[in-house]
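J.: Quick one: the structure is below, and I'll ask about it shortly.
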Amino acid sequence: MGLIINPIAGMGGKVGLKGTDGVIDKAIKLGALPMAPLRAKTALGPLREISEEIEVLTCSGDMGEIQAREFGFKVRIVKITSNNKFTTSEDTVAAAKEMLKENVDLILFAGGDGTARDIYNAVGGKVVVIGVPAGVKIHSPVYAQNPLRAGELAMLYLKEKIRLVKEVEVLDIDEEAYRNGRVKARLYGYLNIPFEKKYMQSRKSGTPLSERAAQNSISLDIIDNMEKDILYIIGPGSTTRPIMENLNLPFTLLGVDLVYNKKIVSLDAAEKELLKYSSTKPCKMVITPIGGQGYLFGRGNQQISSKVIKCVGKENIIVVATKEKISNLKGQAFLVDTGDINIDKMLKGYIKVTTAYREKMIYKISS
């Protein structure tokens, strides 16, 4: 099995940079910490069951060697030439190409959509892969629902309990445009994954024009029920945008904004600021699931970390979604991938969802 970790993937999320490409130094200055190695370790957990039966080809240091050796795998290092301070896309491409030469049965990689692009550029459809979600923006269905599911799927495939392989899209967006509130997604190619639907996330879907009126109806319900002296954390997304528009407040479409007594407190808040406010003021949080995927946390809103969720409490989370968005999930539960298993467990169960003015439904959350 090939193992590639992009150690810097996702570091821009909690500090509000909406990605890491080109801003790693700034992310570190803001206090960002590597998350991908930890998420890769979670994925490797289920594979310990077959650690004596497989050899892991990986790169030195935090690109995989440290994590694989910690779990006792037989490790062989593929040599890549790199003089960079941080891991680059060229390092990922070089590593994947070396693994392809070694005829690995599977490449398990941790990163975001940019990492998936690098894997595609290196191997195309010549080897089966599984993505461990560790980035900020994860549109590509090459990724498992969470790191644990990635490891479970890898084990089932290597034990030949899953034989079906499916070709899925590699999607990525322009991070600079994303930071400015515009989503410009592009199809780059296709990768082959072991296919078992319950383990893999779906492709993110857009918002049709027919939903605009429903979103506006939802916003009026939220505004009418806003309480005095309560801080409202407004999560990213087109469903939450009309709340800010109807309050006549500035907003960041793809960021997290803070509202107190119907006035703006902060725009595009990072994790530290959210923790500061949520630990000192009574808070409520308004979020919407990602269309087509159903994620409430862990995709595109890493600023709302497990620590922030713990401060706010599940009882103070307000989920908003149009009936069409719910229908498009085809009965699949909402998903959470906060990086903290205990918080994921806390969130499991059922939650109220505002679907229109004075209309609510109950919907299941899984992890």
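The values are calculated or read from the model by the stated rules, or taken from the named source; none is laboratory data. As the structure is a prediction and not an experimental result, all values here were calculated from the model. Methodologically, a virtual Cβ is constructed for each residue, glycine included, from the backbone with ideal geometry; neighbour enumeration extends over all protein chains shown. What goes into the accessible areas is simple: the full protein's heavy atoms, side chains included, and nothing from ligands, DNA or RNA. Shrake-Rupley method; radii C 1.70, N 1.55, O 1.52, S 1.80 Å.
J.: Full-extension gain between Lys126 and Leu33, please, as 0.36 nm times their residue separation minus the C-alpha to C-alpha distance.
T.: Values: separation 93, 0.36 × 93 = 33.48 nm, distance 3.36 nm.
Gain on stretching Lys126 to Leu33: 30.1 nm.
J.: Considering only protein heavy atoms, with the full assembly of protein chains and a 1.4 angstrom probe, order Tyr190, Tyr260 by accessible area, largest first. Write down the numbers at each step before the final one.
T.: On the way: Tyr190 95, Tyr260 60 Å².
So, going from the largest accessible area down, we get Tyr190, Tyr260.
J.: Could you tell me the accessible area of Glu90 in Å² (1.4 Å probe, neighbours in place), rounded to the nearest ten?
T.: Around 120 Å² of this residue is reachable by solvent.
J.: At a probe size of 1.4 Å, how large is the accessible area of Val127, to the nearest 10 Å²?
T.: Surface open to solvent at Val127 totals about 10 Å².
J.: For n ≥ 4 DSSP H runs only, could you compute -39500 (n - 2.57) per run for the chain, divide by its residues and tell me the 222 nm figure to the nearest 500? If you can, show how the numbers build up before the last one.
T.: On the way: 13 runs with 109 residues, N = 367.
The helix-only estimate for the chain comes to -8000 deg cm²/dmol at 222 nm.
J.: Say each of Met361 and Leu253 gets a label point 7 Å from the Cα, pointing the same way as Cα to Cβ; how far apart are those two points in nm?
T.: 2.6
J.: I've got another one for you. Find, to one decimal place in angstroms, the Kirkwood hydrodynamic radius of the chain, where the mean of 1/r is taken over every pair of different Cα atoms and then inverted.
T.: Values: mean 1/r = 0.0479 Å⁻¹.
Roughly 20.9 Å, rounded to one decimal.
J.: So, for the range 210-275, what is the accessible surface per residue at a probe of 1.4 Å, expressed in square angstrom? Provide the component values of the computation, followed by the final result.
T.: Values: 2730 Å² over 66 residues.
On a per-residue basis, 41 Å².
J.: Quick check: residue separation of Glu160 and Lys97 times 0.36 nm, minus the Cα distance between them. What number comes out in nm? All intermediate terms of the calculation are to be shown ahead of the outcome.
T.: Details: separation 63, 0.36 × 63 = 22.68 nm, distance 2.39 nm.
Working it through step by step, the gained length comes to 20.3 nm.
J.: Based on Cβ point charges of +1 for Lys and Arg and -1 for Asp and Glu, what charge dipole magnitude is obtained for the range 40-166 about its Cα centre, in debye rounded to the nearest 20? Intermediate results must be reported in sequence, preceding the final value.
T.: Values: 17 positive and 16 negative charges, 50 e Å.
With only Lys, Arg, Asp and Glu charged at Cβ, the dipole is about 240 debye.
J.: How high is the FRET efficiency between Glu70 and Glu49 when r is their beta carbon distance and R₀ equals 22 Å, given to the nearest 0.05? If you can, show how the numbers build up before the last one.
T.: Details: r = 16 Å, r/R0 = 0.72.
Between Glu70 and Glu49 the formula returns 0.90.
J.: Over the chain, what is the relative contact order in whole percent, taking alpha-carbon pairs under 8 Å and six or more residues apart? Intermediate results must be reported in sequence, preceding the final value.
T.: Working: 829 pairs, mean separation 52.7, N = 367.
14 percent.
J.: Further question: Hey, rough spin-label estimate for Lys276 and Ile230, points 7 angstrom out along Cα→Cβ, what's it come to in nanometres?
T.: With each label point 7 Å from Cα toward Cβ, the separation is 2.4 nm.
J.: Given the options Asn225, Ala214, Gly189, identify the residue whose Cα lies farthest towards the positive end of the charge dipole of the chain (+1 on Cβ of Lys, Arg; -1 on Cβ of Asp, Glu).
T.: Checking the options against the dipole of the chain, the answer is Asn225.
J.: Keeping the other protein chains in place, figure out the carbon and sulfur percent of the accessible area of the chain, with a 1.4 Å probe. Walk me through the numbers on the way to the answer.
T.: Details: 7780 of 16030 Å².
Of all accessible area on the chain, carbon and sulfur atoms account for 49 percent.
J.: Which value, in debye to the nearest 20, gives the size of the charge dipole of the range 231-367 about its Cα centre, when Lys and Arg are +1 and Asp and Glu are -1 at the Cβ? Intermediate values should be presented prior to the final figure.
T.: Working: 20 positive and 11 negative charges, 79 e Å.
Roughly 380 debye, rounded to the nearest 20.
J.: Same structure, new question: Between their Cα atoms, which of Lys97/Lys126; Lys29/Lys276; Lys228/Lys310; Lys263/Lys360 are more than 20 Å away from each other?
T.: Details: Lys97/Lys126 10 Å; Lys29/Lys276 18 Å; Lys228/Lys310 22 Å; Lys263/Lys360 26 Å.
Beyond 20 Å: Lys228/Lys310; Lys263/Lys360.
J.: Quick one: if you take sqrt(5λ) for each eigenvalue of the C-alpha gyration tensor of the range 58-143, what semi-axes come out, biggest first, whole angstrom? Before the final figure, lay out the partial values.
T.: Numbers: eigenvalues 68, 45, 40 Å².
Each semi-axis is √(5λ); the values are 18, 15, 14 Å.
J.: Might you tell me the accessible area per residue for the range 48-117, computed with a 1.4 Å probe and given in Å²? Mind showing how you got there, number by number?
T.: Numbers: 3590 Å² over 70 residues.
With all protein chains present, the range 48-117 gives 51 Å² per residue.
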